[in-house]
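Worksheet for the structure shown next.
Just so it is clear, none of the values below were taken in a lab; they were calculated from the coordinates. Quick caveat, the model's predicted, so the values are computed rather than measured. Every residue, glycine among them, receives a Cβ derived from its backbone with ideal geometry; neighbour counts consider all protein chains shown.
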Amino acid sequence: MSAGAGRAPVGDAVPATGPTRTVTTYTVGRFSGPVRPAVVSTTSRERFAERARARRNVARRQVLGVTAAVLVAGALAWLLLLSPVLALDPAEVEVTGAGTVVAVDQVHAVVTERAGTPLPRLDTVELRDRVLDVPGVREARVVRQWPNGLAVQLVSREPVAAVPEQAPGTGLVLLDEQGVQVGRADVAPGGLPVVDVPVGDERTLSAVLRVLEQLPVDLLAQVESVAARTQDTVTMQLRDGGPRVDWGSADETPLKVAVLAALRAAPAAGGASVYDVSAPRLPITR
C-alpha cells in the first residue's frame, strides 16, 4: 500500500470515520472559503441604547435650559421696563441748589410729568434739558435714586446787580454775573447793588458785572451802587454813607481788592471819602 493510499482527494467527502460535519462555503469577491457570520452580542445592543438615551437626555436638558433662560430674560425685562416696581415716585424726588431765584415747585412740576415711568426707561438727559428751561436755572444734573427716586442738583443764577428798567419808574431788572435776567423787583433786594450804566451799553455793563463777580463776599455786601460811563470808569459807592471807590476797569481786580483793604486799614487813610485804586500801584485817597 503506497503512502498516498486511502487519502481522500481535496474537495471530496470527509473520511467515513467520526461524526459527519457540514461546512458551508461562501464566496466573497474573488476569495472563496469558509466565512463566519457577524455576531452582535446583547451587551453591545444595550450599550448602543444607553448612548442613544444619553444623547436624548442631553438634548432635552439643552432645550429646557434655553427655555428657562428665555423666561428669566422676559421676566427681568418686564420687571425693569414695564412693571411699577421701579416706577418714578414724585414724592421721592429731591431738589437741591435752588438758591433764591429758582422756584422749586416748577422743577417738581417738570419731574412730575414723568411720574410712573420706570427708572431704567427714564431719559435723564431729556429731563435735564427740561429743567434747564425753568427760570433761574444755570446748570442741572439729574441722577437716578433707586428704586423710585431722582436727585435733581441745580446751580442757580443768583442776582449780583439790579439795573433800572429803560422806562423810568418801572422797577429794576435783576441780573446774574453773566448778565442774564433772573427776575424783576420794585426796589433792590437787600445786599444787591444798583447799577447805573448807559442804556444798551453791553460792554460797560459786562465790565461792571465782572468787577462785582470778583469781589469778596464781605466787600460786595458793602456796595450800595455802581456807576460807569465806560468800561474803564467803574465807580462804587459803599453803604451807610461810606466812601466812594474809583475802580477803573475790571483788570487786576484781585490786586485792587488787596490795595483797598490796606488803605482802609491804614490810620492815615482811614477817614478818606474817596479811594482811587484804578491804578493799584499808585493809589490815591482824598
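Between region 181-260 and region 109-139, how many Å separate their Cα centres?
With region 181-260 and region 109-139 each reduced to a Cα centre, they are spaced 36 Å.
Using label points projected 7 Å from each Cα along Cα→Cβ, tell me how many nm separate residue 151 and residue 113, to one decimal.
Result: 2.5 nm between the two label points.
For residue 248, which sequence-distant residues (separation of 5 or more, or a different chain) have an amide H within less than 5 Å of its own amide H, given hydrogens modelled in the peptide plane?
234
Rounded to the nearest 20 Debye, what is the dipole magnitude of region 85-156 about its Cα centre when Lys and Arg each give +1 and Asp and Glu each give -1 at the C-beta? Could the numbers behind the result be given before it?
Working: 7 positive and 10 negative charges, 32 e Å.
Roughly 160 debye, rounded to the nearest 20.
Per 10 Å bin, what is the whole-percent P(r) computed from every C-alpha pair distance within region 192-286?
Values per bin, smallest distances first: 17, 54, 26, 3, 0.
Tell me whether region 159-224 comes out rounded, prolate or oblate; compute the Cα gyration tensor, take square roots of the eigenvalues as a ≥ b ≥ c, and use a/c under 1.5 as the rounded threshold. If you can, show how the numbers build up before the last one.
Working: a/c = 1.89, a/b = 1.25, b/c = 1.51.
Oblate.
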